[in-house]
Amino acid sequence: MSLLDAIAILLVLAATFGFINHHVFKLPFAIGLLLSGLLASFGVIVVDALVPGWNLKEDVREAVLSLNFADTVLSGMLSVLLFAGALHTDLGGLRQWRRAIIMLASFGVLISTAVTGLVSWWLFGLFGLDVQLIWCLAFGALISPTDPIAVLGIMKSANAPKALETKVIGESLFNDGSGVVLFTLLCGVGLAMAEGGIGAAREAASVGSVAALLATEILGGIGLGLAGGYLSYRAFRTVDEANLEILITVATVFAISFLAPKLHVSAPLAAVAAGLFIGARGREGLSEHTTLAHDTVWTFLDETLNAVLFLLIGLVVFAIDLRPAYLYAAAAIVPAVLLARFAGVAIPVTALRLRQSIDRGTVGVLTWGGLKGGVSVALAMKLPAFEGRDAILTATYVVVIFSIVVQGLTVGPLIRRLFPPRVEMTGAA
């Protein structure tokens, strides 16, 4: 299947399923597309069982696998989606809550990774699945980041308080980068252990190696993003042509996606840094007409790629091993991931409350609203070959589906319950 054919099919399916969801299911857009993709996938499986001669399941499976979901998300969609999310995020609010955001996106991810890794290692063993601890920790790293795309939509539709919205969205924008860096580190340790034993693993996990990786990936990614944003800003000040200025921002994002892997820096953090810079400073060089056109185009790109991504998550079930032992372990891991998320939120928030006021109910919303998404599935599909890899991929997929469907449909009512809208009373003096 050519790239053009794949894009055409995905756009047609996204539009069709989106139309059906709008008139029939009436679910939130992203969740409706994911469920539509799942239903279509299971429909193919049923038809294949009834008419095995058609070989429909295998043909569709090959078509889905040919799309290379992991590379499509990590090397293409992710930077664009993170840039679009950062572009419309209030930088002033992020500065105000920077301590909370940094704590949640760093220490919170570390805590969640450790808890998820240890508990999932025990649970896999309980179900007779031999998965080494290092790969369980890698699973913890890939499942700990929250999905900024799903979170953005839910926070807006739930009419969450501004302070809560800023913390949730800010964390989700930055913890993808920290999660990917931690995942890369743990995979490096796992591969070193497999090739050279404990000694090689210790060397790969040494303080110097870890510090060098973190400095390169995190600081380098932020630096690349700021450089790209600044160059765009300088270009905006020399022209007043909407189409050209929009093209410059699109080119900036794709340049970041192209350069980041070659420079060994974090593409997600670079995309976020560029989006925040252009959203806050770059607009100074845009006219009112260009700003409106710019926002319209990026909103369209954001919504379209979001639709395709959630549709793909539903279709990628064909790449998942659904044997009973894997599903039982995955079902047991779902509450373990929620427990790890609670620990990763409660500990930093408790520490932060010593220095600033944070509303009651914040921990509950951050825990239940920490939705997982396409990045987790893509990272799981990038895992190298080892015993238990398929079990981790299945667990990742089950956790993501539960998170988006169950948590995604209920976090709005939870926010409205814990943070009821304030009704201002007015009267004559």
How many Å³ per residue does the convex hull of the Cα positions in the range 293-342 occupy? 95
Compute, for V46, the solvent-accessible surface of its heavy atoms (probe 1.4 Å) with the complete set of protein chains present, and express it in square angstrom to the nearest 10. 80
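Relative contact order for the chain: what is it in percent, counting Cα pairs under 8 Å that are at least 6 residues apart?
That works out to 27 percent.
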What is the sum of charges, Lys and Arg at +1 and Asp and Glu at -1, for the other residues whose Cβ falls under 13 Å from the Cβ of S287? -4
So the FRET efficiency between H264 and L50, C-beta based with R0 = 41 Å and rounded to 0.05, is 0.25
Exposure rank, largest accessible area first [T72, T296, T249; 1.4 Å]: T296, T72, T249
Candidates L247, L137, L409: whichever shows maximal mean-square fluctuation once the chain is modelled as a Gaussian network with Cα springs under 10 Å: L247
What is the gain in length, in nm to one decimal, between W122 and F19 on full extension, counting 0.36 nm per residue of separation less the C-alpha to C-alpha distance? 32.7 nm
Taking the dipole of the chain about the Cα centre (Lys, Arg +1; Asp, Glu -1; charges at Cβ), the one of A319, A86, A293 that reaches farthest to the positive side is A86
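Between A331 and T291, how high is the FRET efficiency from 1/(1 + (r/R0)^6) when r is the Cβ-Cβ distance and R₀ = 60 Å? Nearest 0.05.
0.80
Let me spell out the model: positive unit charges on the Cβ of Lys and Arg, negative unit charges on the Cβ of Asp and Glu, origin at the Cα centre of the chain. What dipole size does that give, in debye rounded to 20? Don't jump to the answer; show the numbers that get you there.
Numbers: 26 positive and 28 negative charges, 290 e Å.
Using Cβ point charges on Lys, Arg, Asp and Glu, the chain gives about 1400 debye.
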Cα-based reach from K57 at 30 Å (exclusive), listing lysines while leaving out same-chain residues under 8 positions away: K26, K372, K382
How many angstrom lie between the Cα centre of the range 239-283 and the Cα centre of the range 307-335? 33
Order 299-306, 30-37, 386-393 from most to least packed using the mean count of other Cβ atoms within 10 Å. 30-37, 386-393, 299-306
Lys/Arg +1, Asp/Glu -1 at C-beta; the range 8-80 dipole; positive extreme among V12, V44, V64: V12
If the chain between R98 and L11 were fully extended at 0.36 nm per residue, the gain over the current Cα-Cα distance would be 27.6 nm
On average, how much accessible surface per residue is there in the chain, in Å², for a 1.4 Å probe, leaving out ligands, DNA and RNA? 46
So, taking all protein chains as they sit and a 1.4 Å probe, how much accessible area belongs to W121, in Å² rounded to tens? 120
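The values are calculated or read from the model by the stated rules, or taken from the named source; none is laboratory data. All figures in this text were calculated on a predicted structure; none of them were measured in a lab. Neighbour counts are summed over all protein chains in view; Cβ atoms, including those assigned to glycine, are modelled from backbone coordinates with ideal geometry. The protein model used for the area step is the full one, side chains on, heavy atoms only, and it has no ligands, DNA or RNA in it. Shrake-Rupley method; radii C 1.70, N 1.55, O 1.52, S 1.80 Å.
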